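What follows is a set of notes on a single structure, which appears directly below.
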Amino acid sequence: MVGAQNCWNNLNSSTFGAGERSESELEFQWNPIISLEHMDWIWKQFLPEESSRDHRAVNVFGPKSKDISGLIFPAALVVTSGLDPLRDWSRRYCEWLMQSGKEAKLIEYPNVPHSFYAYPHVPEACMAIREMEKFMQNQLTK
C-alpha cells in the first residue's frame, strides 16, 4: 500500500472568520449553543497571541490567504444551518473553494441551529447524515 488518500472533506458548521462580523454572527450573537462571546473565546485559544480573526488560519479566504488553485484538494461537503452564527462563513468558504477550482458542495438547512446534526431526533439531522453518506459514497466511487 503506497499510502492513504483523503477522498473528501466534510465540514459541519465550519469555523472560519474574519476581522469584520458577518451578518449571521450579528443576527445570532446570543445563540444558546454558540454565542458570539464563546466564539471570540475560541479564537483567542486557537490563534497565536496578538493575532486577529484575519489570521490566515481562520480567514482562509481573506487578504492574507494563500492561493490553493494549484494544490490537490479533496472534494468538500459544507453543511450549515440557517440559524447558525457561522452560516455566512460556511457559505463564503464553499464559494472560495469553488472560485479556487475545487469541488465543493454547500447544503444548508434553514430552520435549525448550530450543531443540529448532533441531535438525532431533529429530522434535518437524519437528512444531513444521509447527504454526507451519499457524498462520501460518490467520492469513493470516483
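Regarding GLU124, is this residue more than 24 Å from ALA18 (Cα to Cα), at pLDDT 95 or above and either open to solvent by less than 40 Å² (accessible area, probe 1.4 Å) or of a type in the set (Asp, Glu) (or both)?
yes
Scan the range 84-142 for residues that are touching a Leu at 6+ places or on another chain (Cβ under 7 Å), basic (Lys, Arg) and part of a helix (DSSP H, G or I) and report the count.
Number of matching residues: 1.
Run down LYS44, LYS66 and say which single residue is of a type outside the set (Val, Ile, Thr) and either assigned to a loop (DSSP other than H, G, I, E, B) or at pLDDT 95 or above (or both).
The unique qualifying residue is LYS66.
Condition check ((1) modelled with pLDDT under 85; (2) among the aliphatic types (A, V, I, L, M); (3) closer than 21 Å to MET98 by Cα) across all residues:
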residue: GLU25; (1), (2), (3): no, no, no
residue: GLN29; (1), (2), (3): no, no, no
residue: LEU36; (1), (2), (3): no, yes, no
residue: ASP40; (1), (2), (3): no, no, no
residue: SER52; (1), (2), (3): yes, no, no
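The values are calculated or read from the model by the stated rules, or taken from the named source; none is laboratory data. This is a predicted model, so every value here is computed, not measured. Cβ coordinates were reconstructed from backbone atoms using ideal geometry, including for glycine residues, and neighbour counts include every protein chain displayed. Each accessible area value is taken on the protein alone, full model and side chains, heavy atoms only, with ligands, DNA and RNA left out. Shrake-Rupley method; radii C 1.70, N 1.55, O 1.52, S 1.80 Å.
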